[in-house]
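Colleague: Could you have a look at this structure, given as structure tokens, before my questions?
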Amino acid sequence: MRLVFSRNWLIAASCAILAVTTASACSNSGGAVPGGQGASQLIDKSPVATDEEIAASPTAAAIKRRGQLVIGSTKENPLLSQQNPITGLTEGFDADLGRMLAKYIIGQPNTTIINATPTTRETLLQNETVDTVLYTYSITPARAEKIGFAGPYFVSGPAIATLKTTNGITKPADLKGKKVLAAANTTGANVLKQVQPDAELITFPTSQECIQALEQGRAEAYVNDLTILASNAVLNTKLKVIGTPFGKDPYGIGIKHGDTAFKKFVNDWLKKIQASGLWQQAYQETLGTKIEGPAPAPPEIGSVPGS
Amino acid sequence: MRPFSEYLGDFANGLLVTIELTASSFLVAALIAVVLVAFRVSPIRPLRLFGTAYVHLFQNIPLLVWLVFLVFGLPEIGVKFDLFTTGVLGTGLYSASYYAETLRSGVNSVPLGQVEAARALGMSVAGSFGSIILPQALRSVVQPLGNVTIGLLMNTALTGAGAGLVDLTEVANRVNLEVTQPVVIFVGVGVMYGLLALGISTTSGALARKLVIHR
């Protein structure tokens, strides 16, 4: 009896620690952690480049010789690139793409993640500390002057979140005359004004305060970047994220400026995983677990200025 | 980008919210302050203790903390006001402690003989406070009360960040996010706050000249 009690207590305690450190739901059913079980299947199915394809890009050949793909990213971005403290594996959409790209080049999903920040991403690529940057990296013409962008591999943008109990809000037009929350000084607040000027905007300094206010019924919807909302939904299960964003924020895979051969190589790989449905599967297993609706159509490669 | 003139309506609205906030918070604060001062000079010990505790509590915790507590904390225990009311409550409750301390210094300036005279005439505690002490106290601290009111006006700028109100400062933040002209916008808004403060200090100055008691 005593042993059973202490075992239960241990399980409860480890659940609590897990909940605090990873903020993921603790359940016995397994597979609750996005990208956990599915990721390995994803990697099994993902393609490997032919020798000719590798030979066409000196960068890819160098990575293959090294046996390791070095990625500039983070380990603290839920659903995109977050380290699981139990398995040590980095999980999420960006992390899965990174491993698939590594397998495409090396034949094995060997990746190393170098911690990057929004201010160091360009430098890490320029001084060849990393091979690529996979870090919710928005493609802009200004950045494209310093580094190269393959992709876009994902289109984010401002989107709407509501409580799960709220119905009838699926697009900006539904926000007419409604109270809408946004974090102060975010683009979401600005874009909302353009797409729905008749919404009453309420701003609080942080995302957490906005969600709190939403829960307490001070407004009916909350507007922020799609991937941020999805991350928030990991922490707060009362939150529902509405599928399609209403603005465009295309994410690219950062590579060294002027390396056209490697850019073509990465773009070809992106097209392959898009065509084979692996892109969609990676989305469903990560971001798709928190964003309502079917997987979006993958973005057209090279469709954005700067890519 | 919209031309700058299109934002004038937003600024006018923000200015209005700031004025409404200031006026309402002033009323709340003044009302509480008078009660607090009465408590602090009353002969009943628990009331004196409450008055002292209130002043210390509100003066020693920043207004932003109070606002966040009122906006997000109270609904957790089932008490929810709309954002404007919450802003007024926060600013009013907080400023009341400063008004109370200012008023108390006025009370202290009333010669003890006045109190003794009132008692000798058989006036009640409430009567002597309301008719003898408070009127004299008020008249000797008009200018300092004006200064506290200017402080209150400036403090309303926190309601944008703490209570989600679209006051003058918040309008400036939002417009700046769109047009990125911080120098023009914030200098302009600063001038508006300056003019409002000037209005308050001119009024209190005129009142002080009229009401001051030369001892």
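Colleague: Identify, please: which residue in region A:180-201 is within 20 Å of B:T180 (Cα to Cα) and at pLDDT 90 or above and is, among those, nearest to the other protein chains (Cβ to nearest Cβ)?
Modeller: A:L201
Colleague: Would you pick out the residues in region B:76-88 that are closer than 21 Å to B:V166 by Cα, without any contact (Cβ under 8 Å) to a residue 24 or more places away in the chain and part of a helix (DSSP H, G or I)?
Modeller: Matches in region B:76-88: B:T85 only.
Colleague: Something else: Could you look through region B:146-167, keep only residues that are within 12 Å of another protein chain (Cβ to nearest Cβ) and aliphatic (A, V, I, L, M), and pick out the one that is nearest to B:A206 (Cα to Cα)?
Modeller: B:L158
Colleague: May I ask you to list the residues in region A:202-212 that are in a helix (DSSP H, G or I), within 23 Å of the chain's Cα centre (by Cα) and within 11 Å of chain B (Cβ to nearest Cβ)?
Modeller: Once the filter is applied, which keeps residues that are in a helix (DSSP H, G or I), within 23 Å of the chain's Cα centre (by Cα) and within 11 Å of chain B (Cβ to nearest Cβ), region A:202-212 yields A:Q208, A:E209, A:C210, A:I211.
Colleague: Scan region B:173-184 residue by residue and report those that are assigned to a helix (DSSP H, G or I), within 14 Å of chain A (Cβ to nearest Cβ) and β-branched (V, I, T).
Modeller: Scanning region B:173-184 gives B:V175, B:V179.
Colleague: Only one of these is among the β-branched types (V, I, T), in contact with a Ser or Thr (Cβ under 8 Å, 6 or more places away or on another chain) and in a helix (DSSP H, G or I): B:V37, B:V55. Name it.
Modeller: B:V55
Colleague: Just wondering, is there one or more residues in region B:149-170 that are more than 30 Å from A:L201 (Cα to Cα) and either surrounded by 14 or more Cβ atoms within 10 Å (Cβ to Cβ) or touching a strand residue (DSSP E or B) at 6+ places or on another chain (Cβ under 9 Å) (or both)?
Modeller: no
Colleague: Quick one: B:L16 ticks every box in (1) in a helix (DSSP H, G or I); (2) more than 12 Å from chain A (Cβ to nearest Cβ); (3) touching a residue at least 12 places away in the same chain (Cβ under 8 Å) bar one, so which box is it?
Modeller: Failed condition: (3).
Colleague: Out of everything in region B:24-62 that is out of contact with any Lys or Arg (no Cβ under 8 Å at 6 or more places or on another chain) and of a type in the set (S, T, N, Q), what residue ends up being surrounded by the most Cβ atoms within 10 Å (Cβ to Cβ)?
Modeller: Top of the filtered list is B:S25.
Colleague: Next question. Report the residue count in region A:105-147 for those that are buried (at least 20 other Cβ atoms within 10 Å of the Cβ) and among the charged types (D, E, K, R).
Modeller: Residues flagged as buried (at least 20 other Cβ atoms within 10 Å of the Cβ) and among the charged types (D, E, K, R) within region A:105-147 amount to 2.
Colleague: Right, next: Please verify whether B:E170 is within 14 Å of another protein chain (Cβ to nearest Cβ), at pLDDT below 90 and either over 28 Å from B:L70 (Cβ atoms) or part of a helix (DSSP H, G or I) (or both), treating the condition exactly as stated.
Modeller: No.
Colleague: Of the numbered conditions (1) surrounded by fewer than 16 Cβ atoms within 10 Å (Cβ to Cβ); (2) of a type outside the set (V, I, T); (3) within 21 Å of A:A182 (Cα to Cα), A:S276 fails exactly one; give the number of that condition.
Modeller: Exception for A:S276: condition (3).
Colleague: Scan region B:158-175 and report the pairs whose first residue is under 13 Å from B:V88 (Cβ atoms) and whose second residue is in a helix (DSSP H, G or I) and basic (K, R), with Cβ atoms within less than 8 Å and a gap of 6+ or a chain change.
Modeller: From residues that are under 13 Å from B:V88 (Cβ atoms), there are no pairs.
Colleague: Right, here's the next one. Among the residues of region A:249-262, is any surrounded by fewer than 21 Cβ atoms within 10 Å (Cβ to Cβ) and among the aliphatic types (A, V, I, L, M)?
Modeller: yes
The values are calculated or read from the model by the stated rules, or taken from the named source; none is laboratory data. Every value quoted in this text rests on a predicted model; they were computed, and no experiment measured them. Here the Cβ is made from the backbone with ideal geometry for all residues, glycine too, and neighbour counts use every protein chain on show.
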